[in-house]
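Colleague: There's a structure below that I have some questions on.
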Amino acid sequence: MPVSNIILIFLVISVSFPIRVTSDLPGTWELLVTNAGIASMHTAVTRYGTVVLLDRTDIGPTRKLLPKGNCRHDPHDRALHRDCYAHSVLFDPATNEIRPLKILTDTWCSSGQFLPDGTLLQTGGDLDGLNKIRKFAPCPTNERCDWEELRSPALAAGRWYATNQILPDGSVIIVGGRGSNSVEFYPPGAGGAVDFPFLADVEDKQMDNLYPYVHLLPDGNLFIFANTKSVLYDYKSNRIVRKFPDLEGGPRNYPSAGSSAMLALDSEKDEFSTAEIVICGGAKFGAFIERSNDAPAHGSCGRIVASDPESVWEIEAMPFGRIMGDMVLLPTGDLIVVNGAQAGTQGFEQASDPVLYPLLYRPAEPAGLRFMILSPTAVPRMYHSTANLLPDGRILIAGSNPHYFYRFYGDLPTELRLEAFWPEYLSPDRANLRPVIEEIPEKVLYGEGFEVVVTVSLPVVEKMEVNLGSAPFATHSFSQGQRLVKMGVTVSAPSAGVGNGRYRIRCTAPPDGRIAPPGYYMAFVVNQGVPSVAKWVQVGS
């Protein structure tokens, strides 16, 4: 059913955009910033709760100047040889303040991942960024940190439209890229780039093997999906362990614009042994070649138990077709699908009919009952938009620039506004269920037992969960490194001798880096489906 019909069924959106947008559907929208200065193509949340927004460097003038004396000089820049504009900014959701950052090399369609120490590793791009490695070491909000462009090492192969995934030992694998059917590692391995023929095998006339979906499974192997095919890959021996059945419904990767997530890993359910992958949406094959911006998007989703040797894809349908949707794992284990369009494909000027309605995907429900339509935004988010979970449980929505350069007129202009979507668990009628974390270790070791102390207004009637959410690198409808780990916990017991709604929860940290690669995680306590504000916890050995 077209979204236009759903709009008529459920509500009429106001022409004006108030600070908070509500409807009869679950969830609310909040306008945070009217002008972030840049349209964010890539977004990542740091361990200090700040957010790195990053766009191309050759986009021309943005709406945020660099500090005086920080202009970039590049004779090969497509737009400005002397560029005094910021193409990356740091956003503080606590104050809604924006600070410009200086990036030197082209980050167009690049990739990223956080390292174990909380540093954002950023790799590749176009032109002078093709082989580049950059780092952003985040800092407290009262300090000034900025991008570092590494002179060495450099990438062994050019990486444009590649995917990064942190591994159990804290290193990062960088998979694919346009014209690069190989993988490599950071820190660099002795052999440089390693051929990965699977990517060449799945390439079609419009590519569709770019930004492959990469998920680290509990057995330490990688689930890698491109076009319609997927494999289980042992990166240590450069060996394909298994080929999965094809996923029906057409190509899913860039430029065909589906999205993917791995569902929560659960200690209580099966000691982390089960890994399920969901892939939804996508464009009709040929839409990118033909520049057909009105070709209807697919509405199918595939779900597979990647850890089961005999598994096949289970197919279900979304309420409407969608390309360029972003999947965000919530602290509860549910997913939200947001942003995108109902027609066309990824690429400049190549999509139409924005999808304003997010969807809630509830994995525990039976097939056919998993999707719920949520409250709509009034801001279309098309090509080059992002969505990231914030530590307070909101979802930050940024970006959308379906044009080669910035354009602030006509249909679907370049979007500089930042929004937050408030899931239903943040509604006022659930506030007295929301836990507050009073005590939690700053660092936990693999397999270690530890305690979390929380306060809750109402008496606790169910076991509370303690869940670890990674901070992924969101770009082009896929969040690289996204992960949610539900730890083993005991029954929430009133804290001895304290009372006043204070509870003590005994937890067991994930057993190793295959379940939770080393690094900083948002630790949420969830009470009857309502998450706390997260505390950042470093997990490792």
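Colleague: Return the residues of the range 81-121 that are of a type outside the set (Gly, Ala, Ser), within 25 Å of residue 142 (Cβ to Cβ) and part of a loop (DSSP other than H, G, I, E, B); say none if nothing qualifies. Give the derivation first.
Modeller: If we filter the range 81-121 for residues that are of a type outside the set (Gly, Ala, Ser), which is where we start, we get 81-85, 87, 89-93, 95-109, 113-117, 119-121.
From what is left, the residues that are within 25 Å of residue 142 (Cβ to Cβ) are 87, 89-93, 95-103, 114-117, 119-121.
Result: 87, 93, 95, 96, 102, 103, 115, 116, 117, 119.
Colleague: Give me the strands (runs of 3 or more DSSP E) completely within the range 234-286, filtered to those with at least 3 residues that are within 14 Å of residue 221 (Cα to Cα) and not hydroxyl-bearing (Ser, Thr, Tyr), ordered by residue number.
Modeller: Details: elements: 239-243, 259-262, 276-280.
In the range 234-286, 239-243 are the strands (runs of 3 or more DSSP E) which contain 3 or more residues that are within 14 Å of residue 221 (Cα to Cα) and not hydroxyl-bearing (Ser, Thr, Tyr).
Colleague: Among the listed residues 80, 90, 66, 115, identify the single one that is at pLDDT 95 or above, more than 22 Å from the chain's Cα centre (by Cα) and surrounded by 17 or more Cβ atoms within 10 Å (Cβ to Cβ). Even if it seems obvious, please write down each step before you answer.
Modeller: Working: 80 fails: at pLDDT 95 or above; 90 fails: more than 22 Å from the chain's Cα centre (by Cα); 115 fails: more than 22 Å from the chain's Cα centre (by Cα).
Result of the check over 80, 90, 66, 115: 66.
Colleague: Given the structure, is residue 194 buried (at least 23 other Cβ atoms within 10 Å of the Cβ), under 29 Å from residue 244 (Cβ atoms) and among the hydrophobic types (A, V, I, L, M, F, W, C)?
Modeller: On the way: buried (at least 23 other Cβ atoms within 10 Å of the Cβ): no; under 29 Å from residue 244 (Cβ atoms): yes; among the hydrophobic types (A, V, I, L, M, F, W, C): yes.
So residue 194 does not fit the description; no.
Colleague: Residue 450 passes all but one of (1) at positive phi; (2) at pLDDT 95 or above; which number fails?
Modeller: Condition (1) is where residue 450 drops out.
Colleague: Would you call residue 145 more than 18 Å from the chain's Cα centre (by Cα) and either surrounded by fewer than 23 Cβ atoms within 10 Å (Cβ to Cβ) or not in a strand (DSSP E or B) (or both)? Please lay out each step first, then the result.
Modeller: Details: more than 18 Å from the chain's Cα centre (by Cα): yes; either surrounded by fewer than 23 Cβ atoms within 10 Å (Cβ to Cβ) or not in a strand (DSSP E or B) (or both): yes.
So residue 145 fits the description; yes.
Colleague: Name the single residue that is surrounded by the fewest Cβ atoms within 10 Å (Cβ to Cβ) among those in the range 155-172 being within 11 Å of residue 123 (Cα to Cα) and in contact (Cβ under 8 Å) with a residue 60 or more places away in the chain.
Modeller: 164
Colleague: Just to check your reading of the model, which residue among 503, 520 is in contact with a Phe, Trp or Tyr (Cβ under 8 Å, 6 or more places away or on another chain), in contact (Cβ under 8 Å) with a residue 24 or more places away in the chain and hydroxyl-bearing (Ser, Thr, Tyr)? Step through it out loud before you land on a result.
Modeller: Numbers: 503 fails: in contact with a Phe, Trp or Tyr (Cβ under 8 Å, 6 or more places away or on another chain).
One residue alone meets the criteria, 520.
Colleague: Can you tell me which residue among 461, 525, 489, 452 is over 30 Å from residue 222 (Cβ atoms), open to solvent by 10 Å² or more (accessible area, probe 1.4 Å) and of a type in the set (Val, Ile, Thr)? If you could, list the steps in order and put the result at the bottom.
Modeller: On the way: 525 fails: open to solvent by 10 Å² or more (accessible area, probe 1.4 Å); 489 fails: over 30 Å from residue 222 (Cβ atoms); 452 fails: open to solvent by 10 Å² or more (accessible area, probe 1.4 Å).
Of the residues listed, the single one that is over 30 Å from residue 222 (Cβ atoms), open to solvent by 10 Å² or more (accessible area, probe 1.4 Å) and of a type in the set (Val, Ile, Thr) is 461.
Colleague: Can you pull out the residues in the range 465-478 that are open to solvent by 10 Å² or more (accessible area, probe 1.4 Å) and in contact with a Phe, Trp or Tyr (Cβ under 7 Å, 6 or more places away or on another chain)?
Modeller: Initially, the range 465-478 is screened for residues open to solvent by 10 Å² or more (accessible area, probe 1.4 Å), giving 465, 470-472, 476.
Matches in the range 465-478: 470, 471, 476.
Colleague: Output yes when any residue across the range 483-490 is in contact with a Lys or Arg (Cβ under 8 Å, 6 or more places away or on another chain), among the β-branched types (Val, Ile, Thr) and assigned to a loop (DSSP other than H, G, I, E, B), and no when none is. Can you show your working first?
Modeller: Quick first cut of the range 483-490, residues in contact with a Lys or Arg (Cβ under 8 Å, 6 or more places away or on another chain) only: 486, 489-490.
Within this subset, residues satisfying the condition of being among the β-branched types (Val, Ile, Thr) are 489-490.
Those left that are additionally assigned to a loop (DSSP other than H, G, I, E, B): 490.
Within the range 483-490, one or more residues are in contact with a Lys or Arg (Cβ under 8 Å, 6 or more places away or on another chain), among the β-branched types (Val, Ile, Thr) and assigned to a loop (DSSP other than H, G, I, E, B).
Colleague: Let me ask something else. If I go through the range 223-256 residue by residue, how many of them are of a type in the set (A, V, I, L, M, F, W, C) and either more than 20 Å from residue 327 (Cβ to Cβ) or surrounded by fewer than 21 Cβ atoms within 10 Å (Cβ to Cβ) (or both)?
Modeller: 5
Colleague: Also, I was wondering about something else. Suppose we keep only residues that are of a type in the set (D, E, K, R) and part of a loop (DSSP other than H, G, I, E, B) within the range 431-454. Which one would you say is farthest from residue 354 (Cα to Cα)?
Modeller: First, pick out the residues of the range 431-454 that are of a type in the set (D, E, K, R): 434, 438-439, 442-443, 448, 451.
Those still in the list that are part of a loop (DSSP other than H, G, I, E, B) too: 434, 442, 448.
Numbers: 434: 34, 442: 42, 448: 47 Å.
If we take residues in the range 431-454 being of a type in the set (D, E, K, R) and part of a loop (DSSP other than H, G, I, E, B), then 448 is farthest from residue 354 (Cα to Cα).
Here's the yes/no breakdown for (1) touching a His at 6+ places or on another chain (Cβ under 9 Å); (2) open to solvent by less than 30 Å² (accessible area, probe 1.4 Å); (3) modelled with pLDDT of 95 or more; (4) farther than 26 Å from residue 109 by Cα:
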site	(1), (2), (3), (4)
307	no, no, yes, yes
317	no, no, yes, yes
332	no, yes, yes, yes
336	no, yes, yes, no
340	no, yes, yes, no
346	yes, yes, yes, no
353	no, no, yes, no
358	no, yes, yes, no
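Colleague: In the range 411-430, which residue that is over 21 Å from residue 357 (Cβ atoms) and open to solvent by 60 Å² or more (accessible area, probe 1.4 Å) is farthest from the chain's Cα centre (by Cα)?
Modeller: For the range 411-430, the residue satisfying everything is 429.
Colleague: Okay, next question. Any idea which of (1) of a type in the set (S, T, N, Q); (2) within 27 Å of residue 206 (Cβ to Cβ); (3) open to solvent by 30 Å² or more (accessible area, probe 1.4 Å); (4) within 21 Å of the chain's Cα centre (by Cα) is the one residue 131 doesn't satisfy?
Modeller: Status for residue 131: all satisfied but (4).
Colleague: Output the qualifying pairs, or none if there are none: Cβ atoms under 6 angstrom, residues six or more apart or on different chains, first residue in the range 132-154 and closer than 13 Å to residue 92 by Cβ, second residue outside any loop (DSSP other than H, G, I, E, B).
Modeller: As it stands, the answer is 141/92, since those pairs meet every condition given.
Colleague: Taking the criterion of being within 30 Å of residue 255 (Cα to Cα) and at pLDDT 95 or above, would at least one residue in the range 454-470 satisfy it? Walk me through it before giving the result.
Modeller: Quick first cut of the range 454-470, residues within 30 Å of residue 255 (Cα to Cα) only: 469-470.
Next, from what is left, pick out any that are at pLDDT 95 or above: 469-470.
Checked the range 454-470: at least one residue is within 30 Å of residue 255 (Cα to Cα) and at pLDDT 95 or above.
Colleague: For the range 376-402, what are the residues that are open to solvent by less than 10 Å² (accessible area, probe 1.4 Å) and in contact with a helix residue (DSSP H, G or I) (Cβ under 8 Å, 6 or more places away or on another chain)?
Modeller: Correct list: 376, 393.
Colleague: Continuing with this model, one more query. Please verify whether residue 415 is among the charged types (D, E, K, R) and either more than 21 Å from residue 31 (Cα to Cα) or modelled with pLDDT under 95 (or both), treating the condition exactly as stated. Spell out how you get there, then give the answer.
Modeller: Numbers: among the charged types (D, E, K, R): yes; either more than 21 Å from residue 31 (Cα to Cα) or modelled with pLDDT under 95 (or both): no.
So residue 415 does not fit the description; no.
The values are calculated or read from the model by the stated rules, or taken from the named source; none is laboratory data. From a predicted model like this one, the values you see are computed outputs, not experimental measurements. Using ideal geometry, Cβ is built from the backbone for each residue, glycine included, and neighbour counts are taken over all protein chains shown. For accessibility, only protein heavy atoms count, side chains too; no ligands or nucleic acids. Shrake-Rupley method; radii C 1.70, N 1.55, O 1.52, S 1.80 Å.
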